[in-house]
Amino acid sequence: MSTHIAAKPGEVAEVILLPGDPLRAKFIAETYLERPKQYTGIRNILGFTGMYKGKNISVQGTGMGIPSISIYVHELFRDYGVKRAIRIGTAGTIQEHVKIRDLVLAMSASTDSGVNRGRFGGKDYAPTATWSLLKTAYEAAISRNWQPAVGNILCTDLFYSGEPQGWKLWAEYGALAVEMESAELYTVAAKFGREALSILTISDSLVTGEQTTPEERQNTFTRMMEVALETAIS
Ligand code: HPA
């Protein structure tokens with residue numbers, strides 16, 4: 001048992017899906033996995049292990065933001081031997097050509113967070129997805145007639161920023177969308193020599209102010225899950 005995850009050794013699979021919302025983890029476990037068993041519930045951050053197409057797979061919430069996901073992935077890699085971690089989440093588009101409901105595969109994650117400046121003594125690190133996972137997820141999406149946007153994203157520390165237009169500079173340099181966890185997932189995975197990818201669907205637009213309806217979110221979620229599960233077991 002680690003500080004924040006109440007699992008015993010062997011209870012977490014080598015492959016894990018990481019939604020932000022713990023109740024989404026529960027929904028995924030109950031909907032997609034055979035014989036799911038809950039291995040943790042500390043702070044209501046729920047984690048489950050079950051089977052998908054004959055393979056062991058876990059799903060656990062991470063909470064929101066870099067500090068929260070940092071704690072969970074650190075313990076999953078260090079204490080439970082997780083080899084492959086796939087974040088499934090939502091992001092806000094900051095490009096006109098990336099639309100509501102689109103799929104975004106985060107090839108790299110820029111950040112306005114200070115955590116990597118701290119880690120790397122004031123220097124810049126480039127958090128990057130694992131190529132083989134990116135390739136598999138891309139092909140899984142294309143085979144479903146779903147063209148993903150692939151590229152750099154912005155991982156921000158502040159949902160409610162003091163500079164509401166601050167995203168525009170990142171957009172000018174080609175960042176596709178904004179979310180709050182991927183830079184840390186990629187960095188901690190790299191530290192431990194593990195695989196990581198963030199698969200995101202666009203829930204809202206900072207460009208137009210549009211938001212998806214709950215029904216739309218459910219439909220895009222289902223497609224995102226298919227891509228994530230295929231990537232997970234590849
Ligand atoms: N900002 C930050 N994170 C997000 C957003 C956003 O607009 N949408 C979904 N996750």
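The values are calculated or read from the model by the stated rules, or taken from the named source; none is laboratory data. Quick caveat, the model's predicted, so the values are computed rather than measured. Virtual Cβ from ideal backbone geometry, glycine too; neighbours counted across all protein chains shown. Surface accessibility is based on the protein's heavy atoms, side chains included, excluding ligands, DNA and RNA. Shrake-Rupley method; radii C 1.70, N 1.55, O 1.52, S 1.80 Å.
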Practice problem: Restrict the check to the range 147-157 and report whether at least one residue is open to solvent by 50 Å² or more (accessible area, probe 1.4 Å), within 16 Å of the ligand (Cβ to nearest atom) and either touching a helix residue (DSSP H, G or I) at 6+ places or on another chain (Cβ under 7 Å) or not in a helix (DSSP H, G or I) (or both). | Solution: yes
Quiz prompt | strands (runs of 3 or more DSSP E) wholly inside the range 50-124 containing at least 3 residues that are open to solvent by less than 30 Å² (accessible area, probe 1.4 Å) and under 21 Å from Phe159 (Cβ atoms) | solution = 84-93, 103-111
Exercise. For residues that are within 19 Å of the chain's Cα centre (by Cα) and open to solvent by less than 10 Å² (accessible area, probe 1.4 Å), scanning just the range 3-28, find the one that is farthest from Leu133 (Cα to Cα).
Key: Ile5
Quiz item: Considering Glu75, Glu30, which residue is out of contact with any Phe, Trp or Tyr (no Cβ under 9 Å at 6 or more places or on another chain), modelled with pLDDT of 95 or more, at negative phi and of a type in the set (Asp, Glu)?
Solution: Glu75
Quiz prompt | Test: Thr136 is of a type in the set (S, T, N, Q) and under 26 Å from Ser205 (Cα atoms) | solution = no
Quiz item: So which residues in the range 158-184 are within 14 Å of the ligand (Cβ to nearest atom) and in a helix (DSSP H, G or I), if there are any at all?
Solution: Trp167, Lys168, Trp170, Ala171, Ser182, Ala183, Glu184
Quiz prompt | Single unsatisfied condition, Arg101 versus (1) at positive phi; (2) away from the ligand (no atom under 16 Å from the Cβ) | solution = (2)
Quiz item: Residues in the range 81-91: is at least one in contact (Cβ under 8 Å) with a residue 40 or more places away in the chain, more than 16 Å from the chain's Cα centre (by Cα), closer than 27 Å to Glu216 by Cα and more than 12 Å from the ligand (Cβ to nearest atom)?
Solution: no
Quiz item: What number of residues in the range 201-229 are out of contact with any Ser or Thr (no Cβ under 7 Å at 6 or more places or on another chain), part of a helix (DSSP H, G or I) and open to solvent by 60 Å² or more (accessible area, probe 1.4 Å)?
Solution: 6
Quiz item: Tally time: how many residues in the range 158-179 are open to solvent by 20 Å² or more (accessible area, probe 1.4 Å) and in contact with a Gly (Cβ under 6 Å, 6 or more places away or on another chain)?
Solution: 1
